[in-house]
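S.K.: The following block contains the structure, expressed as structure tokens.
The values are calculated or read from the model by the stated rules, or taken from the named source; none is laboratory data. Computed from a predicted model, the values in this text were never measured in an experiment. Ideal geometry is used to build each Cβ from the backbone, glycine not excepted, and the neighbour counts take in all protein chains shown. Accessible surface is based on the protein model in full, side chains and every heavy atom, while ligands, DNA and RNA are left aside. Shrake-Rupley method; radii C 1.70, N 1.55, O 1.52, S 1.80 Å.
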Amino acid sequence: MTHIRWHHQPANGVPPGGKAAALARLRQAGFPVPPWFVLLPSGFVDGSLLPEATDQLRVAVAELIPEGGLLAVRSSASDED
């Protein structure tokens with residue numbers, strides 16, 4: 001199971017949080033939004049990140065910034081959006 005959703009992937013029944021939905025709308029409207037991904041709620045159990053979600057997160061970050069560098073992170077629970 002994948003716990004990462006990239007900006008170009010469909011929701012497939014999992015609604016995006018408010019921030020991801022806003023980024024998607026901005027991108028669709030033609031604004032220059034950099035590539036992004038979200039870590040889905042399925043990646044957590046009892047508030048802890050699953051090991052496979054950790055692995056997927058590492059891969060996603062490496063794909064996003066393969067040369068290393070800075071990365072902006074916005075963290076919140078889905079019920080906070």
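S.K.: Scan the range 32-45 and tell me whether some residue there is of a type in the set (A, V, I, L, M, F, W, C) and assigned to a helix (DSSP H, G or I).
M.R.: no
S.K.: What number of residues in the range 1-28 are more than 19 Å from A72 (Cβ to Cβ) and either in contact with a Phe, Trp or Tyr (Cβ under 6 Å, 6 or more places away or on another chain) or open to solvent by 70 Å² or more (accessible area, probe 1.4 Å) (or both)?
M.R.: Qualifying residue count, the range 1-28: 8.
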